[in-house]
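Nothing in this text is a laboratory measurement; each read-out follows from the coordinates by a stated rule. Keep in mind that this is a model prediction, so the values were computed, not measured. Neighbour counts run over all protein chains shown; Cβ positions are idealised from the backbone, glycine included.
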Amino acid sequence: MKKADYHIHSDFSPDSTLTMDQACEIAISLGLEELCFTDHFEIAEDIRIDYTKYRQAVFRARERYGKQLSLKVGLEVGFDKYSQHQIQEYLGDKDFDFVIGSLHRAEGLDLFNGDFFRGKELKVAFSDYFKVIHESIPSFGFSVLGHITLIKRFFLLLKVNPSDIDWSYYDEEIQAILQDLIAGGKGIELNLRNPLIDLDFRVLRLYKELGGEIITLGTDSHHTTSMHTMEEGFQALREVGFRYYCVFDQLKPLFVSI
């Protein structure tokens, strides 16, 4: 089985210390056969990657590691409903293999520092999070929706025990997101940066029940210590009943048997 990590940040991302060489060497040691670099592009944070230098760096890495590792040029685009036109303008004349669309800000507020959740009852805050994703689903040419279960990263900040949460309460909002993605020929990412929880499995099951097929796996690594095998993800897909996951070439999904 071909093993591919489709969410890796190099030091082209301001929050990453991982060089492309380091990522490639670790990937080979882990038995991976393909990496897609997905460095950040964020309008709200004024993070605009130098496409030419970025692409050249991936091509140089291909020259060094190409006999052992397939390397793809990707991007993680932080989106909201206000920045879509600017994002499309940036992407329009560029050649990417894969684009993740990720919600990092909601209603103009930063998710990571807790601003979006502050002052809200938890059930309302999580419901609002999914509603904002649905309202903001990108119109630009993205491949998959990144880390739909991002909220699990904030449990410590919000002093939440995830086992106390009835995730079925959010099924309607999650289904609306997934239905729009499927109708638009887009997929989802199973993000493996943090251990999978019941919410991840719930999303996978809903996606399969609705007929969704396009899924990528990614560790969302930013540092040498965060790269790891993706067996947890493959096992989760098998458990839910998926027989394939996806890699991409020139924005086209290719299905890989698991």
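Where in the range 129-213 are there trypsin sites (Lys or Arg not before Pro) that are in a DSSP coil and have at most 12 other Cβ atoms within 10 angstrom of their Cβ? Before the final figure, lay out the partial values.
Details: sites: LYS131, LYS152, ARG153, LYS159, LYS186, ARG193, ARG202, ARG205, LYS208; in loops: LYS159, LYS186, ARG193.
Taking the range 129-213 and a limit of 12 other Cβ atoms within 10 Å, the loop trypsin sites (Lys or Arg not before Pro) found are LYS159.
Antiparallel as a % of all DSSP beta bridges within the range 166-258, to the nearest 5? So the antiparallel bridges amount to about 60 percent of the total. Where both bridge residues fall in the range 4-257, DSSP classifies roughly 25% of the beta bridges as antiparallel.
Report relative contact order for the chain in percent, whole number only (criteria: Cα-Cα under 8 Å, sequence separation at least 6).
Details: 437 pairs, mean separation 55.1, N = 258.
Value for the chain: 21 percent.
For ASP110, the residues whose modelled amide H falls within less than 5 Å of its own, excluding neighbours fewer than 5 places apart on the same chain, are ASP115, PHE116. Extension gain, PHE255-ALA183: 0.36 nm per intervening residue step, less the Cα-Cα distance, totals 24.1 nm. So how tilted is helix 20-29 from the main axis of the chain? Cα-based, degrees 0 to 90, rounded to 10. It works out to around 90 degrees. Which distance in Å, rounded to a whole number, links the C-alpha centroids of the range 53-111 and the range 158-229? If we compute the Cα centre of each part, the gap is 20 Å.
Taking each residue as 0.36 nm, the span from LYS123 to LYS53 lengthens on full extension beyond its C-alpha to C-alpha distance by 20.8 nm.
Here the sum of -39500 (n - 2.57) over DSSP H runs of 4 or more residues, divided by the residues of the chain, equals -10000 deg cm²/dmol at 222 nm, to the nearest 500.
Taking R0 as 30 Å, what's the FRET efficiency between LYS159 and GLU213 from their Cβ-Cβ distance, rounded to 0.05? Efficiency, from the Cβ-Cβ distance: 0.20. Structure remark: mean-square fluctuation, Gaussian network model of the chain, C-alpha springs under 10 Å; the largest value among ILE26, ILE137, ILE214 belongs to ILE26.
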